[in-house]
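*Asks:* The structure follows.
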Amino acid sequence: MNATPPTSARPVGRGRRSAAWLAAAAVTGTLAATGLVVAPATGGPGRAAHAPDAPLALTVDDQTRPLNVEGAPLFGWQPQDRDPGEVQTAYQLRVLDASTGRTVWDSGKVASDEQSHVEYSGPALRSGDDYRWTVRTWDVTDRSSGWSAPATFETGIGDGDWEGASWIRRTTGEADDYTLARTEVPVADSPVVRARAYTAANHTYELFLDGKRADRGTSFAYPGEGYYQATDVTDLVTAGRTLAIGIRYHWYGSGQGRPAAAPGLLHKLVVEHADGTRQVVTTDGSWRLTRDTRFVSGNRRNGEGDRVDAQDGRAVIDGWARPGFDAGSWQPATVVGQHPVAPFTHLSGQETRMEESIIAPERILTAADGTLVADFGKVVPARPVVRFQDGVAGRTVVLRAGYELTDNGRVATSTLATQGTDMSFPYIQDDGEQTWEAWTHLGFRYLEIPQAGEDVTVDDVSAVLVHTDVEGPEATFSSSDPTLDAVWDMMQRSALWSVQEQFVDTPTREKGQFLGDAANISYATMQGFGERTATRQAIREFLQSQQRFWSSGADAGRYNAVYPNGDGKRDIPDYTEMFVDWVWRWYEVTGDETLIREAYPAIRETAGYVLRHIPDEGPTAGLVTNLSGGSGAYRYGIIDWPEPGRFGYDMDAAARTVINALGVEVLRRTADMAEVVGRPASEVAELRDSERALVGAMNDRLRRPDGVYVDGLHADGTQSTHAGQHSTSYAVAFDVAPEEDLPALAEHLSSMGMKQGPMTAHWLLQALSDAGRPDAVLRLLTNPDDLGWARILDQGGTFTWEAWTLDPGSNFSQSHGWGAQAAVDVIETMLGIRLGEPGAETVVLAPPATGLEHASGSVPTQRGVVSLDWTRSQHGVRLEADVPVNVTARVELPASDRTTYRAVGRTDARYLGTRDGVAVFEVGSGSVRFVPTRGRG
């Protein structure tokens, strides 16, 4: 929140629900009428006040120690104070040169409660340099904390800062290019105080210094949109010795989530010494390159672009990355030119990092024919590893990963069981002891090792689990319902494990960043893991897709369905609409206005795209009609996917209800963003008027007499005879349905069971929650006898699926993260922690009125971890909560004419009133407990 917030600030979340608790908070004078009594918390005015403690959890651009900050750094911290009910009233921030200790910028004392995304406004920072920074805060009594322990950040390097580094490549016509590149350089005698490596390569690389792996990175991007990665390699560079630099890169052409671009490698190593000297090593024509003969060019795994990872253990080039290796037979590097050079015209610093961890199988199984099969217990996105003790040169072992086993115990290879993918890893052994490790990851549970010729034990098999790095604490959840707890665990895993180099729809078949999948998964990772960098990067990439493909004429305002991608320009209309809600969700979670300002021009174009499809006259006047885009089954909107997940939705409708509800959200959130970025009032009013007009048209023309929403209007203006669950759930979730209709609509939705696919099920749960039916939400989450997450578990699934069922003849994914979006509903509805104002300046703690008997958990918010523990009894709800400093919580508890609550804790609880059977309190930071007691009535 800025020191001067924008006008008309709106609470986050769906509009109706936020309005409800605000209205409840405004109720006064109801104490006597309800018989409700509240005892104040212990402490209160006059208690001893202490100066705040030094801030913790310092971040720059939401990272604890970024190495390539580009543009003005955005600082964040968490104030600390042992006093209850405390807020930050001011801060002071200092940035210092890390090498000299000189103050570069001092903000002075700034009267503000801002504690995240505080923008640097000092003099220009040097590129490729490191800085320290520290912050202190003031509390409500104007007492200052001590200075925080210093944190560090480093600036990135621009396109003009590569100091002569050239893009190099091996001259080859290979479609699957594995190349080794190396050089050696003497390191000066003066002690090394700092060393940084900057590397870019298409598509994947590994960096080795003196034979030790220093980094692994990727750049799956269009030319001109690539990434470099910065790495601290100080501990791998020794003064006075020759340093060998080796890089393996892999380019494998165009595919899903991967434009072809061109093979190439760019590297700069900077070594700084204690005597003040500086050595710079760059890629140039002196480097020597050769084919990495360990890898055998493989066929495509499927039609999506990945290649089979085939290796030859006899052809490993030993010692190639160590000092003294003779590379005289290797070819000189082909020099494309000094960076920037076409097609490599621009690079950005990679914000995301991959986290790798070694996992072991739970057991080794033996199939009927003697084949050994490692069972990892659950589906994992990983690179399998096997150690062979007694290899035989020339013996081929075709290792195979998979999701299921056949009746005879082998890994199943049917289309359905493999997602239509060749999941083999052919390996030709060398003699003796050796370790095989896959280069590329797949999602799998089982790994079979046929004809190994030796016993392979559980100690010989492992896997490198890979997913995007997340720094913050994870959300937690447990409840009185074991099935719900198991569903939550599966959702959490599925969300995080669906983000590797980028968001993916599945780590096996299509490693592409689909917009709809990315948005769904991002909802869960931002909440569940405090993830920020992957989401910010993905949003920026889809913004780039509009600039590249959808910037003018009738195309303006659209986004690619997959980006980056090898098939160029391709969109799905409702994915474009979903993008706007995703960007707004980012703002809800983070409070970051900088990305909103960056995105708003594109978002405004998207609003224009929707408005261009609302005719002023004709049979569908006033409704979004035949929203341009898509093709085949996606034309005018995908609605849900795979196709069975539509449950008969009327795709012949020209004005589809789902598309119109999403259109309402586009207009609403565009208006909200316009207010945040300070656009003219006339622009905001025009968007609000358009939103209201579209809501009115939907309610006039898309409802049956009983209030249920039909699937849309046909081109002649007649209503569809089909009223799928999607239509009503979207109308409720996006605040189209009149409030007085909600009870009946919720009952209608609940009576249908699950009639939406995993892609859209979150909006069904959201609608039921908004309509006051947490019992129905719980039933959908936990019923193994209906379609849903519990049935996946009941059928042995360990990862959310692409569809609710696995149908013969399909290749539906058994590792599809988009169904994990419902983790948001577990936290918001089943636990009862919701965000209030953007960036968690306020939160809402509201246990569900019905359903669970107990739940506890925590959520990492932008301002710190919020925790909640509640138990229901016949008298009410016993609740305990912890609220971070600088956060205010609204607590909503069930009330009756014979209910009283006693608040206990170190923070005051202020009673705000009762409405519709809900007592509302306001509490500040600290721990608080509410105890229900029986009143006299």
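*Asks:* Counting only residues 5 or more places away or on other chains, whose amide H sits under 5 Å from the amide H of A463 once H atoms are built in the peptide plane?
*Replies:* I359, V385
*Asks:* Taking the Cα-to-Cβ direction at V185 and at T345 and moving 7 Å from each Cα, how far apart do the two end points lie in nm?
*Replies:* Distance between the two pseudo-spin positions: 2.9 nm.
*Asks:* For the pair V296 and D652, how long in nm is the line joining their label points, each one 7 Å along Cα→Cβ?
*Replies:* The two pseudo-label positions are separated by 5.4 nm.
*Asks:* Between T871 and V316, what is 0.36 nm times their sequence separation minus the Cα-Cα distance? Round to one decimal in nm.
*Replies:* 193.7 nm
*Asks:* Ok, one more. Within straight cross-link reach of K212, meaning Cα distance under 26 Å, which lysines are found once same-chain residues fewer than 8 apart are removed?
*Replies:* Counting by Cα, and skipping residues close in sequence, K212 has these lysines nearby: K268.
*Asks:* Please list, in order, the residues from the range 303-338 whose amide nitrogen is less than 19 Å from a point placed 7 Å along the Cα→Cβ vector of R241.
*Replies:* Inside the label zone: 319-326.
*Asks:* Using R₀ = 22 Å, calculate the FRET efficiency as 1/(1 + (r/R₀)^6) where r is the Cβ-Cβ separation of R143 and V110; round to 0.05.
*Replies:* 0.85
*Asks:* Let me ask another. May I ask you to list the lysines whose Cα is less than 23 Å away from that of K378, ignoring any residue fewer than eight positions away on the same chain?
*Replies:* K511
*Asks:* Something else: Using only the alpha-carbon atoms of the range 52-111, report the extent along each of the three principal axes, biggest first, to the nearest angstrom.
*Replies:* Ordered largest first, the range 52-111 gives principal extents of 38, 22, 19 Å.
*Asks:* For the range 145-289, give the magnitude of the charge dipole about the Cα centre (Cβ charges: +1 Lys/Arg, -1 Asp/Glu; no others), in debye to the nearest 20.
*Replies:* Charge dipole of the range 145-289: 300 debye, to the nearest 20.
*Asks:* Sticking with this one: Below 15 Å, Cα to Cα, which aspartates and glutamates can K755 reach? Residues fewer than 8 away in the same chain don't count.
*Replies:* List returned: D640, E643, D650, D711, E747, D785, D786, E802.
*Asks:* Quick one: which of 735-744, 885-894 comes out on top by average Cβ neighbours within 10 Å, and what's the full order, highest first?
*Replies:* 885-894, 735-744
*Asks:* Are there trypsin sites (Lys or Arg not before Pro) in the range 519-616 that DSSP marks as loop and that have at most 15 other Cβ atoms within 10 Å, and which are they?
*Replies:* Those that pass, being in a loop and sparsely packed, are K569, R612.
*Asks:* Another one. Note down, for the range 276-345, the three equivalent ellipsoid semi-axes (square root of 5 times each alpha carbon gyration tensor eigenvalue), biggest first, whole angstrom.
*Replies:* Equivalent ellipsoid semi-axes, largest first: 29, 22, 12 Å.
*Asks:* At what distance in nm do the modelled label points of R132 and D689 sit from each other, each positioned 7 Å from its Cα along Cα→Cβ?
*Replies:* The modelled label-to-label distance comes out at 5.8 nm.
*Asks:* Report the gain in length on full extension from D706 to A360: 0.36 nm times residue separation, minus Cα-Cα distance, nm rounded to one decimal.
*Replies:* 118.9 nm
*Asks:* For the residues E747, E841, E351, E675, what sequence is obtained by ranking on other C-beta atoms within 10 Å, fewest first?
*Replies:* The fewest-first ordering by Cβ neighbours comes to E747, E675, E351, E841.
*Asks:* Let me see the P(r) profile for the chain: every Cα-Cα distance counted, bins of 10 Å, each bin given as a percent of all pairs.
*Replies:* The percentages, shortest bin first, are 2, 11, 20, 23, 21, 14, 7, 2, 0, 0.
*Asks:* Here's something else I'd like to know. Along the charge dipole of the chain, which of G591, T199, P259 sits closest to the positive end, that is, farthest toward it, with unit charges on the beta carbon of Lys, Arg, Asp and Glu (+1, +1, -1, -1)?
*Replies:* G591
*Asks:* Just the number, please: Stokes-Einstein D of the range 356-468 in µm²/s, Kirkwood Rh from C-alpha pairs, 20 °C, 1.002 mPa s.
*Replies:* 153
*Asks:* Related question: Quote the Stokes-Einstein diffusion coefficient, in whole µm² s⁻¹, for the range 166-345, based on the Kirkwood radius over alpha carbon pairs, a temperature of 20 °C and a viscosity of 1.002 mPa s.
*Replies:* Using the Kirkwood radius from Cα pairs, D works out to 127 µm²/s.
*Asks:* Between D469 and V904, how high is the FRET efficiency from 1/(1 + (r/R0)^6) when r is the Cβ-Cβ distance and R₀ = 51 Å? Nearest 0.05.
*Replies:* After rounding, the FRET efficiency stands at 0.80.
*Asks:* For Cα pairs less than 8 Å apart in space and 6+ apart in sequence, what is the mean separation divided by the residue count of the chain, i.e. the relative contact order in percent?
*Replies:* Across the chain, relative contact order equals 13 percent.
*Asks:* Here's another thing I want to ask about it. Rounded to the nearest 20 Debye, what is the dipole magnitude of the range 56-154 about its Cα centre when Lys and Arg each give +1 and Asp and Glu each give -1 at the C-beta?
*Replies:* 360
*Asks:* Between the alpha-carbon centers of the range 609-641 and the range 391-437, tell me the distance in whole angstrom.
*Replies:* 47
The numbers here are math on the coordinates, done by the rules we state, and not lab data. Every value quoted in this text rests on a predicted model; they were computed, and no experiment measured them. FYI the Cβ positions are ideal-geometry reconstructions off the backbone, even for glycines, and counts take in every protein chain you see.
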